[in-house]
1. Which of the residues that make up region 116-146 are over 21 Å from the mean Cα position of the chain (by Cα) and under 19 Å from Val164 (Cα atoms)?
2. Can you spot a residue in region 128-142 that is on the phi > 0 side of the Ramachandran plot and out of contact with any Cys (no Cβ under 6 Å at 6 or more places or on another chain)?
3. I'm trying to understand the selection: among the residues of region 143-161, which are modelled with pLDDT of 90 or more and under 10 Å from Phe66 (Cβ atoms)?
4. Quick check on my filter: what residues within region 90-111 are not β-branched (Val, Ile, Thr) and not in a helix (DSSP H, G or I)?
5. So if I check each of Ser91, Ser86, Ser77, which one is among the small types (Gly, Ala, Ser), open to solvent by less than 60 Å² (accessible area, probe 1.4 Å) and either in contact with a helix residue (DSSP H, G or I) (Cβ under 7 Å, 6 or more places away or on another chain) or more than 30 Å from Ile127 (Cα to Cα) (or both)?
6. Any idea which residue in region 33-59 is nearest to Asp150 (Cα to Cα), counting only those that are of a type in the set (A, V, I, L, M, F, W, C) and at pLDDT 80 or above?
7. For a quick check of your reading: which strands (runs of 3 or more DSSP E) sit entirely within region 112-171 and have at least 2 residues that are surrounded by 18 or more Cβ atoms within 10 Å (Cβ to Cβ) and of a type in the set (Ser, Thr, Tyr)?
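The values are calculated or read from the model by the stated rules, or taken from the named source; none is laboratory data. Keep in mind that what you see is a predicted model, and the values were worked out from it rather than measured. Here Cβ is always computed from backbone atoms with ideal geometry, including for glycine, and neighbour counts include all displayed protein chains. Please note that ligands, DNA and RNA were not included when accessible areas were found on the heavy atoms of the full protein model with its side chains. Shrake-Rupley method; radii C 1.70, N 1.55, O 1.52, S 1.80 Å.
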Amino acid sequence: MKDMQKAMRKVLSVINFTLIILIFSSCGSTNRSRIPQELYKEEYKIINTFFTKDIKDNIYLHKNFFIDTKIARYFNSKNIDSIIESRGIPSYISEDTLKVLLNKKVREEFHTLILSSKKIKIDKNRILSENLKLTNKKEYLISLPLIIDDLAIFSKQSKFETPVFIMQKRKGKWEIIYTFYDKLILI
């Protein structure tokens, strides 16, 4: 009888320990530790900031967000030099400010988000510009916006370029603060 009680206590101890480990491991340091099948309100704010209502011509976007896993290497590097070397326009902050904002921890969190993302459909009803048209053609793609606290990354891909935009939420609005290019073909 005593042996059975000892065994039962050991089993309960193991179960309690496992539950504690699971609880602590599920607590992330970011407010966006998972990628949902449906976008949050903030991701559509980023898209609507980028594609304003003032668009004059129709832009045909692929109906699914693409996941640009190639850019993960920029956010996994031991230093930020690869992003700085690929700087583009518009960029409104200095390299020193970028280094502070995209410290090693933040870059690693973005890296994890990029690699754990899944393709999802764009909800046309949540995009404000009437000139954005959804299509199956892959001529113009936009990535799933990824957010960590007040920073976001977002890219677009066309035949000749793949700029990556780093955005920051300032006074409730998303603004592009830095741009770098994964691909740029000048013709």
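1. Glu139
2. At the first step, the residues of region 128-142 found to be on the phi > 0 side of the Ramachandran plot are none.
No, there is no match, as no residue in region 128-142 is on the phi > 0 side of the Ramachandran plot and out of contact with any Cys (no Cβ under 6 Å at 6 or more places or on another chain).
3. If the condition is that a residue be modelled with pLDDT of 90 or more and under 10 Å from Phe66 (Cβ atoms), then Ser155 is the only one that fits.
4. First pass over region 90-111, keeping only residues not β-branched (Val, Ile, Thr): 90-92, 94-96, 98-99, 101-105, 107-111.
Across region 90-111, the qualifying residues are Pro90, Ser91, Tyr92, Ser94, Leu102, Asn103.
5. On the way: Ser91 fails: either in contact with a helix residue (DSSP H, G or I) (Cβ under 7 Å, 6 or more places away or on another chain) or more than 30 Å from Ile127 (Cα to Cα) (or both); Ser86 fails: either in contact with a helix residue (DSSP H, G or I) (Cβ under 7 Å, 6 or more places away or on another chain) or more than 30 Å from Ile127 (Cα to Cα) (or both).
When all the criteria are applied, what remains is Ser77.
6. Step one: of region 33-59, the residues of a type in the set (A, V, I, L, M, F, W, C) are 35, 39, 46-47, 50-51, 55, 59.
Subset that is at pLDDT 80 or above: 46-47, 50-51, 59.
Numbers: Ile46: 12, Ile47: 15, Phe50: 16, Phe51: 20, Ile59: 28 Å.
Result: Ile46.
7. On the way: elements: 132-135, 146-148, 151-157, 161-170.
No strands (runs of 3 or more DSSP E) qualify here.
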